[in-house]
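Reviewing the structure listed below.
The values are calculated or read from the model by the stated rules, or taken from the named source; none is laboratory data. These numbers were taken from a predicted model, which means no experiment stands behind them. In this analysis, Cβ positions are derived from the backbone assuming ideal geometry, glycine residues included, and neighbour counts consider all displayed protein chains.
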Amino acid sequence: MNLLLYGAPGSGKGTQANMLRTHFGIPHIATGDMLRAEIQAGTQFGRLAQPILAAGQYVSDEIMIAIINSRLSQADSRRGFIIDGFPRTIPQAVALDSLMGGLGRRFDRVLYLKVDTDELLRRLSGRLVCPKCQRTYPPKTEACAADGSALVQRDDDKAEAVKPRIEIYLQKTIPVLEHYRGEGLVSEIDGTGTIDEISRQVLAAVTAPTTNRQTA
Ligand code: AP5
Ligand code: MG
């Protein structure tokens, strides 16, 4: 099963990816999580990426394509994967088509979590994350349920970064959806409702037949 999660900042990609990872037993490949791990580890690349993420801007296509290329080549990806946060631009989408082709893989589904801007702003302003395992939690949660770490706010959830994140998504990432709509792969899911309700819709969409004539 090869899945792509698509949606605005705060639409619930990470939340639903966790459910899908458990359900299908396949890795969750989240480019934002990978970048934050580099920042946290203090690598040279992490030091370069940190101000870009904190400002709500995008890391260059060239670097992101190299990162996803290397990740998809790892052994655990052979069973399938859930990609979250990539592609965010048309050049990234074109590169991913070519990488998938080279691996002899196709996406089974592109899951678009649709959430209005007011709700996105509300979620991002209160979100807390575990600095150790990167799980996300709603406002006022005290500690990570998985490892007990004290939760923190993400740098890019601070007020000054949220607006640029949504603007760049509208400008550069919305066109990516049209790219996949053309292939008949997109399932649009109302991302407002309880997390469990949305999970049920996501699973139903994954198992529904596509309009895409190509086989996986
Ligand atoms: P990334 O980490 O991918 O951030 P994002 O796309 O902005 O998305 P988020 O992680 O903020 O939101 P989400 O959709 O995962 O929502 P979540 O499940 O947490 O990327 C970060 C940065 O890295 C980018 O800005 C860029 O700088 C860089 N980057 C990454 N990939 C790149 C690329 N390909 N190219 C260039 N740059 C790249 O949910 C949000 C909150 O809502 C949580 O608190 C959650 O508990 C809550 N919630 C979830 N579902 C519900 C619900 N149904 N009802 C109520 N609350 C809910
Ligand atoms: Mg996320």
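So here's what we get for this one:
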item	result
Sole residue being without any contact (Cβ under 8 Å) to a residue 60 or more places away in the chain and touching a Ser or Thr at 6+ places or on another chain (Cβ under 9 Å), chosen from D157, D116, D196	D157
Hits in region 198-216 - residues which are surrounded by fewer than 12 Cβ atoms within 10 Å (Cβ to Cβ) and modelled with pLDDT of 95 or more	A204
Of the criteria (1) of a type in the set (A, V, I, L, M); (2) modelled with pLDDT of 95 or more; (3) in contact with a Ser or Thr (Cβ under 7 Å, 6 or more places away or on another chain), which one V94 fails	(3)
Which numbered condition V115 misses (of (1) within 30 Å of E183 (Cβ to Cβ); (2) among the hydrophobic types (A, V, I, L, M, F, W, C); (3) surrounded by fewer than 17 Cβ atoms within 10 Å (Cβ to Cβ))	(3)
Condition broken by D33, with the remaining ones in (1) near ligand 1 (Cβ under 7 Å from one of its atoms); (2) over 30 Å from R200 (Cβ atoms); (3) modelled with pLDDT under 95 satisfied	(2)
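Results for (1) among the aliphatic types (A, V, I, L, M); (2) out of contact with any Asp or Glu (no Cβ under 9 Å at 6 or more places or on another chain); (3) within 13 Å of ligand 2 (Cβ to nearest atom); (4) in contact (Cβ under 8 Å) with a residue 24 or more places away in the chain, shown as yes or no for each residue.
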{"position": "N2", "(1), (2), (3), (4)": "no, no, no, yes"}
{"position": "Y6", "(1), (2), (3), (4)": "no, no, yes, yes"}
{"position": "Q16", "(1), (2), (3), (4)": "no, no, yes, yes"}
{"position": "P27", "(1), (2), (3), (4)": "no, no, no, yes"}
{"position": "T31", "(1), (2), (3), (4)": "no, no, yes, yes"}
{"position": "E38", "(1), (2), (3), (4)": "no, yes, no, no"}
{"position": "A41", "(1), (2), (3), (4)": "yes, yes, no, no"}
{"position": "A49", "(1), (2), (3), (4)": "yes, no, no, no"}
